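Here the structure is laid out as structure tokens; the discussion comes afterwards.
The values are calculated or read from the model by the stated rules, or taken from the named source; none is laboratory data. In this text the structure is predicted, and so the values were computed from the model without any measurement. Glycine gets a Cβ as well: all are built from the backbone with ideal geometry, and neighbour counts include every protein chain shown.
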Amino acid sequence: MIDVRLLRTDPDGVRAALARRGDTAVLTQLDDATRLDARLREITSARDDIRSQVNAISKQVGQLRRSGSDADIAEAEQLQATSRAFGADEDRLAVEHDEVEAALREVLLAIPNLPHSDAPDGINDTENPVVRGPYLPDGGTNGFADHQQVPHWDTAVELGILDAERATKIAASMFTMQRGAGATMARALCQYALDTCADEFEEIRPPSLVSTATLTATGQLPKFADDSYAIERDGLWCIPTAEVPLTSMYAGEVVAAAELPARFMAYSPCFRREAGAAGRDTRGMLRSHEFDKVEILALATPDQAPELLMQMVDRVESMIAALGLHHRVIEICTGDLGQSHHRSFDIEVYAPGCTQWLEVSSVSWFSDYQARRGDIRYKPVDADGTPQKGTALVHTLNGSALAVPRVWAAICETHRNADGTVTVPDVLRPYMRGIDVIGAN
């Protein structure tokens, strides 16, 4: 969440930054937060004043009782009655303090991150500028052969590598099941991503179920509760992405500055209800309740974060390019930024059978928004390595190194041959048990 101190020191700057998101409800929430913070400080000041008076009375009562005179003892009893009244006031303020503090936190959890000054202005996803590409064949989106312009769900069914019907039977609609070489290629994509990122990223295999606090730390809760799978009996949630457990690995800890940037990667299944997606892109592999993904994540200092963001974008783009997929890189405008995002880039591939651009990766910088929720800190050092006083919040970054479904779909369309088979990209062949071309099972 945003730093409440900014509401006090630079309220106009915070309001101007959040206004760039184009959501008037956010500005109303900001007003609520400002009002609640002001009241919280009033309560704290009044409570501190009462405590000061009670302490002063306590000392005076002690002095009067030590004198032993009837008059002083009577006065001491009167002062004690006054102290008890103050105590009742303090109890009332303590209750109100907790209520206002809880209300302020609830509002702050709903307020999105401040956009980076370099994030492009825009109202929605139609105004996201293309910053690299598009890399398309001659003729652009019309430059694909007829045999490539077949939807992957038709090709995959013909080849026997996708069985949505049985997936629905054993689970529910919007679950998918790859078979044969299709399942092998899904696994190969994950291993390819892990091996490609192993030069800089430590591999983690995190839990697939996490606590409410963990899901809150990354911004999924409370806003996206309806899109998440809850296991209410145990108070746990299925992760929507490995970003969630990776971000919280160091929650409540102080990371040594020498360890930053700390880079991690993880394969995991991902679970999403897609509550708002009914009727949208639900055919084939475009949108599903469960899918496999390799996530990359970094903890960094504020100075390290900008360059690290671009390095992560470049890394993911190069992996997509190596798969022979036609792609582009877009930057997310302020009106389309996610709840926690400070600055973000998407890598999209063109699927000639679906005739649309598909987002296959989002690489984002969250500033200290997530770290403040999770209390992830580091000890800053001077240029000569001398530790500075106190601690500071880390900055978090993450990205989808490779999310299987849409990449899998784009491969089935882009690399489809005239005879209906699909050629496996060269970089995946070491993981395909000798399969270079996927034919009918």
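Are any residues in the range 415-428 in a helix (DSSP H, G or I) and either among the acidic types (Asp, Glu) or exposed (fewer than 14 other Cβ atoms within 10 Å of the Cβ) (or both), and if so, which ones?
The one that is in a helix (DSSP H, G or I) and either among the acidic types (Asp, Glu) or exposed (fewer than 14 other Cβ atoms within 10 Å of the Cβ) (or both): ASP426.
Just to be sure I understand, how many residues within the range 4-50 are within 21 Å of GLY335 (Cα to Cα), polar (S, T, N, Q) and without any contact (Cβ under 8 Å) to a residue 40 or more places away in the chain?
2
Report, ordered by the first and then the second residue, all pairs with beta carbons closer than 7 Å, sequence separation of six or more or different chains, a first member in the range 275-300 that is assigned by TED's automatic domain parsing to the domain that holds ALA401 and of a type in the set (Ser, Thr, Tyr), and a second member that is surrounded by fewer than 18 Cβ atoms within 10 Å (Cβ to Cβ) and modelled with pLDDT of 90 or more.
SER288/PHE175
Quick grid of which residues meet (1) out of contact with any helix residue (DSSP H, G or I) (no Cβ under 7 Å at 6 or more places or on another chain); (2) aliphatic (A, V, I, L, M); (3) within 22 Å of SER288 (Cα to Cα):
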{"residue": "ALA188", "(1), (2), (3)": "no, yes, yes"}
{"residue": "PHE224", "(1), (2), (3)": "yes, no, yes"}
{"residue": "CYS238", "(1), (2), (3)": "yes, no, yes"}
{"residue": "ALA242", "(1), (2), (3)": "yes, yes, yes"}
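Of VAL363, VAL349, VAL294, which residue is surrounded by 19 or more Cβ atoms within 10 Å (Cβ to Cβ), more than 20 Å from the chain's Cα centre (by Cα) and outside any helix (DSSP H, G or I)?
Just one listed residue meets the conditions, VAL349.
If you scan the range 265-281, which residues turn out to be of a type outside the set (Ser, Thr, Tyr), at pLDDT 95 or above and within 21 Å of VAL316 (Cβ to Cβ)?
MET265, ALA266, PRO269, CYS270
Given (1) out of contact with any Phe, Trp or Tyr (no Cβ under 7 Å at 6 or more places or on another chain); (2) in contact (Cβ under 8 Å) with a residue 12 or more places away in the chain, identify the lone condition not met by CYS190.
(1)
Among the residues of the range 134-186 satisfying the criterion of being of a type in the set (Ser, Thr, Tyr) and assigned to a helix (DSSP H, G or I), which is surrounded by the most Cβ atoms within 10 Å (Cβ to Cβ)?
For the range 134-186, the residue satisfying everything is THR155.
Could you check how many residues of the range 297-331 are assigned to a strand (DSSP E or B) and within 17 Å of GLU243 (Cα to Cα)?
Selection size over the range 297-331: 4.
Report, by residue number, each residue of the range 1-55 that is assigned to a helix (DSSP H, G or I) and among the β-branched types (Val, Ile, Thr).
The answer is VAL4, THR9, VAL14, THR24, VAL26, THR28, THR34, ILE43, THR44, ILE50, VAL54.
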